[in-house]
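As structure tokens, the structure follows; a few thoughts come after it.
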Amino acid sequence: MNTLFPFALAIPEGIYFSAFLVFLFLGVILFLNILRQKEGRYAFPAAVHVAAGVLAILARDIMTLLVAWEVLAFSAFILIRGTGTARGRRISLRYLVIQVTGGVFFFFAALLHFGETGSLVTGILVPSAQPFMVAAILIKTATMPVHFWLTQAYPSVELSITPLLSVYTTKVGVLTAAQLIWISPAGFPVLAWLGAGTAVGAVILALLQHEARKLLSYHIVSQVGYMVAGIGLAAGFSAMAATAGMFHLVTHTLYKALLLLVAAQAVHHRGHEDLTRMGGLGSRRPLLLLCGIIGAAAISGVPFTSGYASKYLLKEASQAQPLVTYLLYAASVGTGLSFIKFTHLLFFNRANPPSSDPSKTRAPSMVPLVLVAGITVLIGLFPHAVPGVPRRAFFTPSSLLSALLPLAASALLWMVLKKRLTRPATTVGRAGTGAGGVHATDTRAKPFPGKAHAPGTRLRRGARTLHNLGPQAQVLLFLLVLAVTAGLLWPR
Amino acid sequence: MESPVIRVFLTRLTAGFLCLLLSLGFVVLLLDAGRHRAQTIPTQMEEPYTARSVAETGSINVVTAILMDYRAFDTLGEATVIFASVAVAAAILGKPGSPSNRTMGLLSRRQLSALLPLFFIFPLFVIFHGHLSPGGGFQGGVSLAVLVILIHVAFGDRFGEEVIPHRILALSEYGAAIGLVGIGFVGIFQGSAYLANVAAGFPRGTAGTLASGGVIPLLNLLVGMKVAAGLSSIYVHLAGHEAENVPEKRR
Amino acid sequence: MMQTAAYLTAAGVFAIGLYGMLTQRDMIKICISISIMDSSFVMALVAAAYVPGGAAPIAGFEALRFVDPLPHALALTAIVIGAGILAIALALTVAVYRHYGTTDIARLFIATREDS
Amino acid sequence: MNHLPVLVVVIPVAGAFLISLVDTVRPAFKSTAALLVATAHSTTLVAAAYRGMTGPALLYSVGEWIAPVGISLMVDSFSAFFLLLLAIGHLASALVRIESGDRSEWARKSAALIALFFAALSGITVTADLFNLFIFVELATVCSIGLIARKRHPGSAVAGFVALMAATISGALLLFAVLVLYVATGTVAMPLVAQAAPDLPAHLHGMATAAIIVSFGIKIGLVPMHFWQPRTYHAAGTTVAAILSAFGLKIHVYALLRLLWFPLQAPVVLPGVYSILLVMGMVNILTGHSMAMIERNLVRMLAFSSIAHVGYILLGVAAAGRIGGSAAVYAVAAALFHTGMHTLMKSALFWSGHRLIHLSRSSRIMDLGGIAWRAPGSIIAFSLAALAIIGIPPTGGFASKWFVAMAQQALLPVLVIGAGTVISLVYYGRFFLIATRRDPPDSFPAPHPLSLRPRLQTAVVLALAVAAVMAGTRDVQVRSLLLRAAEGLVDQADFVGPALIGRGR
């Protein structure tokens, strides 16, 4: 008799090893960052979150992976509900329900897989389990139709929590997909299309955002779309695509954490999240500017940054599906545009009400940023140094050109659209009330909508009324059930 | 459209129809079951008790033999049910307090005080002759309880409480119950099974005499005590008003 | 024939008890209905014990056949259990009456619902 | 002869009498006596369970009268598992229920009633006689109504009366089924009925089965027959509701399974029953969880959750009946796994909820906002048990759902299980969020003057919750135990029947 939870763990190899290193590194850095912010009550859930993320990449059996999924979800739930406002509670519960729904799909898939093979070792699932697993992955990776949990939850937590949240949940989804999924019904790479579509769609939505972390959250969705596309392409088209997707995971995790840390610093100074009212940080915080530029360049795929290398690999791998490639190019254009906007508004825009004095920042708060930025740069310059990256010439003229073209397009678009993109948010009364994003946006938390008109009210009332059935009616019901049961059991 | 009277009438008609249908179904099933048994089981094997009960238990009343010996465990269970319902009644109603002093008329009381001692003969006879004739601990115990209730009704609850205090009722119930359980253990100590009678070394005696049937008369006595005390205290609880809890809300 | 008649009587009594339980709103009447239902089961048990021409199961009687003694013993037990149930039903009724001053179960049921 | 099967019934009965006696003579020692009785009973139960689990089925003839004339008791590995649950239950409820200050009549009687209740449950578990089973079921009914209708709560007597009406119908149907089986087979001993069952006319067999299913369905809250349960549990209060739901309900499930498999031989004779149970199980899961989701009262929410979890057990059982053969053992083991887990989880939930309700003096969920910060131990236990009952890996609740789902042949029940997980997450998550909100009302009402022992209670509850969580990672040991128990149910006709007959005179 095999145990259900063998907790088989092993240090992974190849590109997964680099992912493991990144998970560990960012986990430690961001955890210390949280501790440094004197957010003591987050220490335990944050530690559990990090541990679960690392567990996910060490897991060698499906059950351990599922445990890691659920622990990630629950620890994130605690982290998100942290501020404890009504809106925070609602968002966190929604987050949890979505995540556990993903876990339930995983449960179905694991059940079917185990039922057919009798084994729980990590590997490609049986075909009947694949659709359920895809559903689970779509939820976990926040692929487009079900991305809302991420874009709602991540911007609404404490500043120091968002980078930590961005590291694991979606990435573990990608990781699971890379290990368990191999689906292309009738030769059609579902995941690749969904992923590429998400990459484009989320970028378009990101362009419309004015809040720093909301914008970055949409970019998480978009970038995870790249990875999902990579994993999806791996299913039957190109073995390298999975590696490319995983490599993108490694690079993206780093630069997204960096960007979120930068955003956190900025928001901390301003006390609000509205990008159009920030500006002017560039001259006062040169180090922050540098980090921000590195992150923005990396996510836009500027040559000699880490994002360039991983996106190059992805586009190489997607040659078999040209349309996917084009979608990814389109996403690159949007990403570039979006981050020109981001850096412009954050650093170079004219400070549009005068800001509080940011120059008193203590040096230690910059340590995590500098570390992550350094690693991002190193990966960009020496992509082969990352374990598991295939030997390939990254910096050929044609590849550089293919990376620069979308950037040129972004720059062009920026010229055209600058006014429209940097127009201040029209909504008045979003004035910041404190450092936490939740407070800044809490005014939107509606009181209970008119109760009588809430959907399902009539259903609820009906169910309650039914459950106050009088005693004699209950007795009658017993007899009716007896009659029905007897009728069903009457020999035929 | 339809008046409530008609609606109630129709509801009741439906309910009555359903009840009749259900009970007729029960009858059909029971008759079928009887027919099935008549077909499958030979008649001489039909009934295992009558032929052997005298030899095995010493009780000529087979029903008592079954109740107090063959299936004495059932009896223990039902004695426990009585015990439990007394406890439940007490738990629900609280301590009986402020007994009412309503009595019967003088004539009835006079007659009763003369007759009551005689009335006690019958239940005792029923209890002690349980293994010889129809009757036994339950029947006798219930008759005894009726007498206690009669005292309460005729002479007032206060007098009843004075003559037979509730505490005594409770104590005798607990005592009888513990005795009942304790006698069962004799079988275990004698190397036989729980609630064993003759197998545990109780003398079988001569069938048909008062001192026969091993432990059966003793069990009858204890069950009688227990049932009498239990039912009387249920009455006391039901009839007595609780002192501190007069009706607060009337709707 | 005899047995069928006894069964039918028991069934009639059962139907009366059940009918009372289904239609009466007064807790005392429901208690009575419960008691009637118990009686019907005792009658059914005794009817089940019936053997044509059987004597009472007492070994002293000189008879060719005896009725089945086991259902009689079971009937006694069932009576006592019924009495116990009835006692707590009455106790509940008394308690309810003391508190609310009514024994109308339908009204009480609505008055004591928790989740309104 | 090994006397354990009868001792597990007799010791608590005698104990209840003793508790009452002590209460009358020396009220101060009542709690001690109750604890002693619980300890003695639990020890006996564990010993009997050990014997039943390790050896062959333990048979006992009360008064040395073998089956046709006397009453037989039987402890096999299947009943041993439930005896184990009862051992946990009696000891834990005695520990939790020790009250220091309450001098009301109900509090005085409740100790004896709890002992009697557990005696009745033990009796249901060990007896191999249909009529004896009926007696113990009625005894359990009487005791449970006494526990429900406590005086402090004005609506409780009404709820008790409604429960009594339901129990009357349930008892009548059980007695009717016993009567039909007796008239048809001439015996009330389960092994003999089991022998005769395959030859019964099909309609008799079917009707007796229907009566038994409805009878126990009322007790365990199969869905159209569950309406009285939430009200009852709410009236009973959390301490008693835990006993009723976590232990009483499980033993009635046991009785249903035992009757279906053993005397009725349903898997062989009447496999159609299991399709009904399968549908009922799914309906139970969906109804129970959805009602719990819209419920605004903590106790009623947990009661609906109990109704839902009966559904999971039934799914496993139904699968076992439909598969038949050796695979059925796995399905029954899955159902038993969920039974055991639900016992641990639900008692932990109710008892930790008790502390929260006690502190806020209200069981409405909205009134419990921020209560967690005043009873951290309780909320930890509650959260752990809730994690388990939602079915989050690697807790025992997940493992049991996994095995129940594993046993299904169709996809639909599995999907229902998944849906149940998500719905239950919603309401437990919501409660957790409300209980741990950081903006509590300015002042809670003063706690109830009767202080239970919070530390002891919290320790017991934490132990139960941790056991429920740990069972998932110790699933190999748990499953080997459960497979043994399931064999007892599925294969019992093969060895217990001949054993009883062979020893008959």
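The values are calculated or read from the model by the stated rules, or taken from the named source; none is laboratory data. Just so it is clear, the structure is predicted and the values come from calculations on it, not from any experiment. Neighbour counts run over all protein chains shown; Cβ positions are idealised from the backbone, glycine included. Accessible surface areas use protein heavy atoms only, side chains included; no ligands, DNA or RNA. Shrake-Rupley method; radii C 1.70, N 1.55, O 1.52, S 1.80 Å.
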*At what distance in nm do the modelled label points of B:F17 and B:Q190 sit from each other, each positioned 7 Å from its Cα along Cα→Cβ?*
6.1 nm
*Chains B and C: buried accessible surface, both sides, probe 1.4 Å, rounded to 100 Å²?*
4100 Å²
_Neighbour net charge for A:A8 - beta-carbon separation under 10 angstrom, K R +1, D E -1_ = 0
*Along the range B:135-145, what does the Karplus equation 6.51 cos²θ - 1.76 cosθ + 1.60 (θ = phi - 60°) give for ³J(HN,Hα), rounded to whole Hz, x for Gly and Pro?*
x, x, x, 5, 4, x, x, 5, 4, 4, 4
*Based on the Cβ-Cβ distance of A:V367 and A:T465, what FRET efficiency does E = 1/(1 + (r/R0)^6) give at R0 = 60 Å, to the nearest 0.05?*
0.45
*Peptide C:43-56, shielding by other chains (average Cβ, 10 Å cutoff)*: 3
*Considering every residue in D:207-216, what mean count of other chain Cβ atoms within 10 Å of its Cβ is obtained?*
5
*Which FRET efficiency, nearest 0.05, do B:M104 and C:I28 yield, Cβ-Cβ r, R0 25 Å?*
0.60
_Diffusion coefficient, µm² s⁻¹, Stokes-Einstein with Kirkwood Rh over alpha-carbon pairs of the range B:4-45 at 37 °C and 0.692 mPa s_ = 258 µm²/s
*With +1 on each Lys and Arg Cβ and -1 on each Asp and Glu Cβ, and nothing else charged, work out how big the dipole of the range D:243-372 is about its Cα centre, in Debye to the nearest 20.*
220 debye
*Pop out the carbon and sulfur fraction of the accessible area of the range D:1-119 as a percent, whole number, probe 1.4 Å.*
70 percent
*Between exposed GluC sites (Glu not before Pro) in chain B, where DSSP calls loop and at most 11 other Cβ atoms lie within 10 Å, what's the longest gap?*
B:3-243
_Buried accessible area, chains D and A (both chains, 1.4 Å probe, Å² to nearest 100)_ = 5300 Å²
*Classify chain A as rounded, prolate or oblate from the Cα gyration tensor: take a ≥ b ≥ c as the square roots of its eigenvalues, call it rounded if a/c is under 1.5, otherwise prolate when a/b beats b/c and oblate if not.*
oblate
*What are the semi-axes of the equivalent ellipsoid for the range D:272-473, taken as the square roots of 5 times the Cα gyration tensor eigenvalues, largest first, in whole Å?*
34, 17, 13
*For D:D129, enumerate residues with amide H under 5 Å from its amide H, sequence gap 5+ or separate chain, H modeled in the peptide plane.*
D:M190
*So which GluC sites (Glu not before Pro) in the range A:1-73 are both in a DSSP loop and have at most 16 other Cβ atoms within 10 Å of their Cβ?*
A:E13
*Of A:K171/A:K341; A:K214/A:K256; A:K140/A:K171; D:K30/D:K109, which ones are farther than 19 Å apart at the Cα?*
A:K171/A:K341
*If you keep only loop residues by DSSP, which trypsin sites (Lys or Arg not before Pro) in the range A:16-99 have at most 11 other Cβ atoms within 10 Å of their Cβ?*
A:K38
*asked:* Explain nothing, just compute: Karplus ³J(HN,Hα) = 6.51 cos²θ - 1.76 cosθ + 1.60, θ = phi - 60°, for every residue of the range D:358-371 in order, whole Hz, x for Gly and Pro.
replied: 4, 6, 9, 6, 7, 10, 6, 4, 5, 7, 9, x, x, 5
*Picking from A:Y42, A:S156, A:W182, whose Cα lies most toward the positive end of the charge dipole for the range A:15-444 (charges on Cβ: Lys, Arg +1; Asp, Glu -1)?*
A:S156
*Among C:L45, C:T4, C:G84, pick out the residue whose Cα is farthest towards the positive end of the charge dipole of chain C, where Lys and Arg carry +1 and Asp and Glu carry -1 on C-beta, about the Cα centre.*
C:G84
*Determine the share of chain A's accessible area contributed by carbon and sulfur atoms, expressed in whole percent, with a 1.4 angstrom probe.*
69 percent
*asked:* What distance in nm separates the two pseudo spin-label positions at A:L323 and A:T117, each 7 Å out from Cα along the beta-carbon direction?
replied: 3.1 nm
_Environment charge of D:L315, counting only residues whose C-beta is closer than 11 Å and scoring Lys/Arg +1, Asp/Glu -1_ = +2
_Karplus 3J(HN,Hα) series, Hz, for the range D:397-402 with 6.51 cos²θ - 1.76 cosθ + 1.60 (x for Gly, Pro)_ = x, 5, 4, 5, 5, 4
*asked:* Tell me the carbon and sulfur percent of the accessible area for chain C, rounded to whole percent, probe radius 1.4 Å.
replied: 67 percent
_Theoretical gain in end-to-end length, D:A459 to D:S362 [0.36 nm per residue, Cα-Cα removed]_ = 32.6 nm
*Measuring from label point to label point, each 7 Å out along Cα→Cβ, what is the D:T39 to A:T276 span in nm?*
7.5 nm
*Summarise the partner chain shielding of C:5-16 as one whole number: the mean count of Cβ atoms from other chains within 10 Å of each residue's Cβ.*
5
*With every protein chain present, what is the per residue accessible area of the protein assembly as shown (1.4 Å probe, Å²)?*
34 Å²
*Total accessible area buried between chains B and D, 1.4 Å probe, in Å² to the nearest 100?*
4800 Å²
*Which value, in debye to the nearest 20, gives the size of the charge dipole of the protein assembly as shown about its Cα centre, when Lys and Arg are +1 and Asp and Glu are -1 at the Cβ?*
5300 debye
*Relative contact order (percent) for chain B, with alpha-carbon contacts under 8 angstrom and 6 or more residues of separation?*
28 percent
*Give a quick list of trypsin sites (Lys or Arg not before Pro) in the range A:295-353 that DSSP marks as loop, anything other than H, G, I, E or B, with at most 11 other Cβ atoms within 10 Å.*
A:R350
*Estimated FRET transfer efficiency when R0 is 56 angstrom, pair A:L405-A:M1 (beta carbons, to 0.05)*: 0.40
_Accessible area (Å², 1.4 Å probe, nearest 10) - B:V227_ = 10 Å²
